1. Could you sort Val206, Val259 by accessible area so the largest value comes first, with the probe set to 1.4 Å?
2. In whole percent, what relative contact order does segment 103-256 give with Cα contacts below 8 Å and a gap of six or more residues?
3. Short version: ³J(HN,Hα) in whole Hz for each residue of segment 235-242, in order, from phi by Karplus 6.51 cos²θ - 1.76 cosθ + 1.60 (θ = phi - 60°), x for Gly and Pro, what are they?
4. Express in Å², to the nearest 10, the accessible area of Lys67 obtained by rolling a 1.4 Å probe over the protein heavy atoms while all chains stay in place.
5. How large is ³J(HN,Hα), in whole Hz, for each residue of segment 159-167 in order, when computed from phi with the Karplus curve 6.51 cos²θ - 1.76 cosθ + 1.60 and θ = phi - 60°, using x for Gly and Pro?
6. Taking amide hydrogens as modeled 1.01 Å from N in the peptide plane, which residues meet the under 5 Å criterion relative to Asn294, leaving out close sequence neighbours?
7. So how do Tyr155, Tyr252 rank on accessible area, 1.4 Å probe, biggest first, that is with the largest at the start?
8. Would you be so kind as to identify which of Gly184, Leu209, Tyr244 lies farthest towards the positive end of the dipole of segment 151-252, taking Lys and Arg as +1 and Asp and Glu as -1 on Cβ and the Cα centre as origin?
Amino acid sequence: MFNIIVSYEIFSFFAVMKILSDKTKQFLVLLIKILVVVAAIYYIYNQLSNDKTLDPDILLEILKERKNIFPLLIVALLTFSNRFVEILKWQNLSSLIHPISIGMATKQVLSALTLGIFTPNGIGEYAGKALYFDKKDTPKVIFLNMVCNGIQVIYAIIFGLVGLSILNQIHPIIPNKYLYITYGIIAVIMGIIFSVRNFTIKGYSVQTLITSLKKIPTKVHKKNMSLAFLRYLSFTHQYVLLYYILGVELPYFELLCAVAAIYLLASSLPNFQFLEFAVKGSIAMFIFTTLGVNQWIVALVATLIWILNIVLPISIGSIFVLSFKIKPKPTA
């Protein structure tokens, strides 16, 4: 169902664009680009100005402490790794359409992130990447973007469930019966999906998806899985290091399990990307308060993660959005 909705929205957009004249298109695209960038800037400014946990004096004190220099450098490296690995993932998958450079993959990923910030669960990312390819390749771009994001979701579910289960045995956060119910629901859903894999809705079915996945070379799949795992390690350890820098003394394994559980719970809720940090922050508050971590620290880490993983990439992506140009129609 998600595939159908995404495909319908993107195909509708391209259908409208095809009807419009070239001059109208240019004006409309310029207007959209300006609106997207202005909205992104306002969103960032509004969040930062209203965030009471982001005290510059406290952050300066943290930066001045010598013991924090190396951990902060590692956080900076992980921040770069988190987004750069995503760029490599997309370069790897998009090569099935045609090879692109790292520079072009960077433009596509960051532009798509900027365009997707105001759409539910980042659906705008699909259209953002599709704009850089020929219209005939749109279905393939949508599918490959789903593969790119899908493996990340799978890791989030697997490690999140493992982390939540282990953490719940050390610090009872939720009754075990709810965990067992969750496992049961997942098992039932998986069973239903595969039992009706040939059931088709408007040409889409689970079997169609499986067949399409099999067409992707094994080498590409393996690289996508390896990079996705590296990215998962990057952003989870951003959390871990920031908590340690701010004085949290939980054992490493417990802290990692908590972060995995938070990411799972946040990812399972439908939300807009611009609300993501608030969603993750509230879930983190619930879990870490149970673990005895100060709420102020939890809120500050959520804000810093949001700045590092969303604000910085969107700031660069906004430049790419403004510089984007529609490909001219080929002359007869």
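1. Reading off the accessible areas and sorting them downward yields Val206, Val259.
2. 16 percent
3. Result, rounded to whole Hz: 6, 5, 7, 4, 4, 4, 5, 5.
4. 150 Å²
5. So the J values, rounded to whole Hz, are 5, x, 5, 5, x, 5, 5, 5, 4.
6. Under 5 Å from the amide H of Asn294: no residue qualifies.
7. From most accessible down to least: Tyr252, Tyr155.
8. Sorting the options by dipole projection puts first Leu209.
The values are calculated or read from the model by the stated rules, or taken from the named source; none is laboratory data. Not measured: the values here are computed from a predicted model. Backbone-built Cβ (ideal geometry, glycine too); neighbour counts: all protein chains shown. With ligands, DNA and RNA removed, areas are computed over all heavy atoms of the protein, side chains included. Shrake-Rupley method; radii C 1.70, N 1.55, O 1.52, S 1.80 Å.
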